[in-house]
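Contents: one structure, followed by commentary.
What follows is calculated from the coordinates using simple rules that are stated; it is not laboratory data. Just so we're clear, the structure is a prediction, and the values are computed from it rather than from any experiment. Because the Cβ atoms are built from the backbone with ideal geometry, glycine has one as well, and the counts that use them run over all protein chains shown.
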Amino acid sequence: MRAGPTESEHLSTVRADLVQLDILLKEAVAKLAAGFVGAHEALRRQQALATPAGPEARELTREACEHLDSALTALQFEDIASQLIASARHHLSDGGDMPGKGSNRSVPQHHMESGDIEFF
């Protein structure tokens, strides 16, 4: 019977969490920037239209909404990042999982495109 994770295993877990966090944050920031810039550009083009209620305006509104939806999805990754930070802090301060408890790693997300995110 194994006594529990070693300090080296805890540090390895923290390192892996931090690498995952770094990837998620870089992707989220890039998507946020692209989403807001894209929405801004679509709305700017819409304002410049001679006929603000025509089909071209509706298409630009749809495009702006798609960019904003993408930006909102990127914002949701803040929760995943917070979970990874909490996990790393737990491993650093408490030495990892307590005896008798399983690992509480509920952050399977590796990239922003994998999996679904739901608002609660």
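Points worth noting:
- Coil-residue trypsin sites (Lys or Arg not before Pro) of the stretch 1-36, DSSP, other Cβ within 10 Å capped at 16: Arg2
- Backbone N under 20 Å from the Glu59 label point (7 Å along Cα→Cβ), restricted to the stretch 24-40: 38-40
- Overall form of the stretch 33-73 per C-alpha gyration tensor (a/c, 1.5; a/b vs b/c): oblate
- Cβ-Cβ FRET estimate between Ala48 and Asp22, R0 fixed at 41 Å, reported to 0.05: 0.55
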